[in-house]
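Down below is the structure, laid out as structure tokens.
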Amino acid sequence: MATIYDAIYDMVRRIPSGRVATYGLIAQLVDRPRGARQVGYALGKLCQDSDVPWHRVVNAQGRISPRGLYGSDDLQRLLLESEHVEFDQDGRIDLKRYLWTGRASQ
């Protein structure tokens, strides 16, 4: 039986390279409109060798959210930059440019 975490992971796997989604958007797409924190908890439970592109999920301000693991914020930024996602001088991603909305045409 699939869990909400499985639904979250399946949705995050759909985010294409070079695009990002917010925790809140993923929550909405899995029918948990107030579940942004649950998305964060789910991504925090991933194994290091997971195929889920957790690095493509950012907060509603287009920023990387701090995590408990030392260096994971830097790793997330490096992974996004390797996919040509740009950050401004304040560490924000332009969501108008890089946000994936879950629509098939993106």
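Over all distinct Cα-Cα pairs of the chain, the Kirkwood formula returns a hydrodynamic radius of 13.8 Å.
Would you work out the relative contact order for the chain, in percent, from Cα pairs under 8 angstrom that are 6 or more residues apart? Here the relative contact order equals 31 percent.
Rounded to the nearest 20 debye, the dipole size of the chain about its Cα centre is 400 debye, using +1 on the Cβ of Lys and Arg and -1 on the Cβ of Asp and Glu.
FYI, it's all coordinate maths here, none of it is from the lab. Since this is a predicted model, take the numbers as computed values, not measurements. Here the Cβ is made from the backbone with ideal geometry for all residues, glycine too, and neighbour counts use every protein chain on show.
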